[in-house]
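Remarks on the structure that follows.
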Amino acid sequence: MIAFGFIATVLFGVLAWRDLKTTLLFLVAAAPIYLWRFDVLGIPTTMLEVWVWIFFAAWVIRSLKEKPWRLARCTPSAFLSLRLPITVILAAGILSLFIAPDFFAALGILKAYFVEPLILFVALVSILKRDDLPRLLAALAGSVLVLSLGGLAQTFTGLGIPAPWDIEGRITSVFAYPNALGLFVAPIISALLVFGRKPRAFFVWAIAFGINAIVAAETEAALVAIPASLVLVAFLSQKKSLRTGVLAIGVAFLLAVLLSSSIKDKVTLRDWSGEVRRSQWSETWIMLTDEPVQFIFGAGLSGYPRAIEPYHKDTRFEIFQYPHNIFLNIWVELGLLGLLGFLLLAYTLAKIVWRHRQDRFVLAGTAALLTMFVHGLVDVPYFKNDLAILTWSFVAVIILATHKPETV
């Protein structure tokens with residue numbers, strides 16, 4: 001395994017040096033490779049992190065060698081509108097290092113969930129251009145196909161499903177739990193459904209297998225998030241043909257989903273997981289409002305499990321890493337400053353989307369982010385290596401569709 005990882009890394013490095021654009025597309029699509037974990041000189045890391053830094057080194061060296069001024073310019077037009085929310089988010093992350101009970105664990109979270117995804121975001125808007133967006137969506141569609149086929153193999157063989165999901169027969173593909181599969185696949189499916197252009201046949205296969213994987217994983221929140229985001233995008237779109245097509249798909253999908261009694265119970269939080277969520281949210285709210293410091297600064301990066309322990313009264317449920325609500329997740333990790341940063345990001349993107357709501361790429365990126373938001377009302381759509389990269393990749397789609405950055 002070590003030898004294979006070494007060979008794969010060497011090949012990745014060669015590809016990065018020869019073709020930055022293709023390497024970047026591959027790296028975004030291969031984000032789930034963060035699951036490959038190991039130690040380097042006693043320091044825990046992942047294959048994804050190693051590849052990100054190899055790519056970054058190749059990018060910097062090539063830029064300095066070929067056109068040194070480009071790093072200094074760094075496509076200012078692409079960041080002009082987002083520089084404030086990004087600065088606030090990073091500032092909140094750095095501040096949360098000193099709030100967190102474990103500084104080094106928090107430093108790892110800051111690196112994996114903010115620094116590295118933002119490096120790839122900068123790379124995407126600097127190296128790619130609008131014409132490359134179909135290739136980016138195709139790369140993500142390829143990732144959905146690979147993950148879905150892995151899940152399909154689990155469906156037929158029952159092999160490779162970790163406990164306790166093997167008892168329920170819920171597939172996980174390469175992930176450790178079913179919802180991780182839905183969280184990654186669902187936003188990409190939404191984007192592909194809205195984009196609907198070439199390579200259309202490839203996208204259709206990715207959508208079909210991806211939806212099958214979500215159903216087999218029994219990730220009901222994803223099945224609700226996809227059509228909900230499509231309906232919202234349909235009302236947003238200025239193009240009648242796109243609005244009609246997407247709205248028809250979204251409404252049909254939503255009706256089919258809501259006909260399932262189990263999903264209706266999920267939406268109304270009347271099932272077991274809904275009871276867990278209500279308990280989590282109640283305890284988290286009590287924790288945040290108990291002390292002014294926690295209310296303002298949260299628990300620090302990776303500090304929630306320890307902070308919630310004194311407030312955890314319902315022992316039927318375990319203590320989770322996050323409260324499983326997008327607003328509470330950000331609040332406990334980054335405090336009110338981080339919550340402000342993400343709200344500023346959402347507001348800024350909303351203004352950009354509104355001005356360019358006739359653009360199919362913009363709507364595709366919006367559909368993906370809306371899917372993550374809707375799913376995030378009951379889950380954790382950002383605080384994971386692959387999901388953080390996916391979030392900033394779709395932000396990059398919107399930026400690239402509305403700006404003309406210089407290429408490296």
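The values are calculated or read from the model by the stated rules, or taken from the named source; none is laboratory data. Keep in mind that what you see is a predicted model, and the values were worked out from it rather than measured. For neighbour counting, all protein chains shown are included, and Cβ atoms are generated from backbone atoms with ideal geometry for every residue, glycine included. To get the accessible areas, we keep the full protein, side chains included, count just its heavy atoms, and leave off ligands, DNA and RNA. Shrake-Rupley method; radii C 1.70, N 1.55, O 1.52, S 1.80 Å.
Spot the failing condition for GLN154; the list is (1) in a helix (DSSP H, G or I); (2) surrounded by fewer than 19 Cβ atoms within 10 Å (Cβ to Cβ); (3) more than 23 Å from the chain's Cα centre (by Cα), and only one is missed.
Failed condition: (2).
Right, THR244: among the hydroxyl-bearing types (Ser, Thr, Tyr) and either closer than 28 Å to HIS324 by Cα or in contact with a Cys (Cβ under 6 Å, 6 or more places away or on another chain) (or both) or not? Even if it seems obvious, please write down each step before you answer.
Numbers: among the hydroxyl-bearing types (Ser, Thr, Tyr): yes; either closer than 28 Å to HIS324 by Cα or in contact with a Cys (Cβ under 6 Å, 6 or more places away or on another chain) (or both): no.
Considered against the rule, which asks whether it is among the hydroxyl-bearing types (Ser, Thr, Tyr) and either closer than 28 Å to HIS324 by Cα or in contact with a Cys (Cβ under 6 Å, 6 or more places away or on another chain) (or both), THR244 comes out as no.
Have a look at LEU11, LEU15, LEU48, LEU27 and point out the one that is of a type in the set (A, V, I, L, M), assigned to a helix (DSSP H, G or I) and open to solvent by 70 Å² or more (accessible area, probe 1.4 Å). Can you show your working first?
Numbers: LEU15 fails: open to solvent by 70 Å² or more (accessible area, probe 1.4 Å); LEU48 fails: open to solvent by 70 Å² or more (accessible area, probe 1.4 Å); LEU27 fails: open to solvent by 70 Å² or more (accessible area, probe 1.4 Å).
When all the criteria are applied, what remains is LEU11.
Using the structure shown, decide if ARG277 is more than 30 Å from ILE398 (Cα to Cα) and modelled with pLDDT under 95.
On the way: more than 30 Å from ILE398 (Cα to Cα): yes; modelled with pLDDT under 95: yes.
So ARG277 fits the description; yes.
Quick one: how many residues across segment 63-85 are in a helix (DSSP H, G or I), within 28 Å of ASP19 (Cα to Cα) and either open to solvent by less than 40 Å² (accessible area, probe 1.4 Å) or modelled with pLDDT of 95 or more (or both)?
Matching residues across segment 63-85 total 3.
Working carefully through the options ARG357, ARG306, find the one that is open to solvent by 20 Å² or more (accessible area, probe 1.4 Å), touching a residue at least 40 places away in the same chain (Cβ under 8 Å), in a helix (DSSP H, G or I) and of a type in the set (Lys, Arg).
Matching residue, one of ARG357, ARG306: ARG306.
Is there a residue being touching a Ser or Thr at 6+ places or on another chain (Cβ under 8 Å) and among the basic types (Lys, Arg) anywhere in segment 110-125?
No, segment 110-125 contains no residue that is touching a Ser or Thr at 6+ places or on another chain (Cβ under 8 Å) and among the basic types (Lys, Arg).
Would you confirm whether any residue within segment 127-134 is part of a loop (DSSP other than H, G, I, E, B) and at negative phi?
Step one: list which residues in segment 127-134 are part of a loop (DSSP other than H, G, I, E, B), which gives 128-129.
Keeping just the survivors that are at negative phi gives 128-129.
Yes, because at least one residue in segment 127-134 is part of a loop (DSSP other than H, G, I, E, B) and at negative phi.
Need the failing condition index for TRP36 against (1) open to solvent by 40 Å² or more (accessible area, probe 1.4 Å); (2) of a type outside the set (Ser, Thr, Tyr); (3) under 21 Å from the mean Cα position of the chain (by Cα); (4) within 20 Å of VAL125 (Cβ to Cβ), just the number.
Unmet for TRP36, out of (1) open to solvent by 40 Å² or more (accessible area, probe 1.4 Å); (2) of a type outside the set (Ser, Thr, Tyr); (3) under 21 Å from the mean Cα position of the chain (by Cα); (4) within 20 Å of VAL125 (Cβ to Cβ): (4).
Select, from ALA180, ALA138, the only residue that is open to solvent by less than 30 Å² (accessible area, probe 1.4 Å), over 15 Å from ILE33 (Cβ atoms) and in a helix (DSSP H, G or I).
Numbers: ALA180 fails: over 15 Å from ILE33 (Cβ atoms).
After ruling out the rest, the residue left standing is ALA138.
Please indicate, with yes or no, whether at least one residue in segment 263-271 is open to solvent by 60 Å² or more (accessible area, probe 1.4 Å), at pLDDT 85 or above and either assigned to a loop (DSSP other than H, G, I, E, B) or not polar (S, T, N, Q) (or both). Give the derivation first.
Step one: of segment 263-271, the residues open to solvent by 60 Å² or more (accessible area, probe 1.4 Å) are 264, 267-268, 270.
Adding the requirement that they be at pLDDT 85 or above leaves none.
Scanning segment 263-271 turns up no residue that is open to solvent by 60 Å² or more (accessible area, probe 1.4 Å), at pLDDT 85 or above and either assigned to a loop (DSSP other than H, G, I, E, B) or not polar (S, T, N, Q) (or both).
Could you please let me know if PHE114 is buried (at least 20 other Cβ atoms within 10 Å of the Cβ), among the hydrophobic types (A, V, I, L, M, F, W, C) and touching a residue at least 60 places away in the same chain (Cβ under 8 Å)? Can you show your working first?
Values: buried (at least 20 other Cβ atoms within 10 Å of the Cβ): yes; among the hydrophobic types (A, V, I, L, M, F, W, C): yes; touching a residue at least 60 places away in the same chain (Cβ under 8 Å): yes.
So PHE114 passes the test.
Anything in segment 310-335 that is open to solvent by 60 Å² or more (accessible area, probe 1.4 Å) and in a helix (DSSP H, G or I)? List them, or say none.
Scanning segment 310-335 gives PRO310, PHE327.
Kindly provide the set of residues from segment 165-177 that are in a loop (DSSP other than H, G, I, E, B) and either more than 23 Å from LEU387 (Cβ to Cβ) or in contact with a strand residue (DSSP E or B) (Cβ under 8 Å, 6 or more places away or on another chain) (or both), ordered by number.
GLY169
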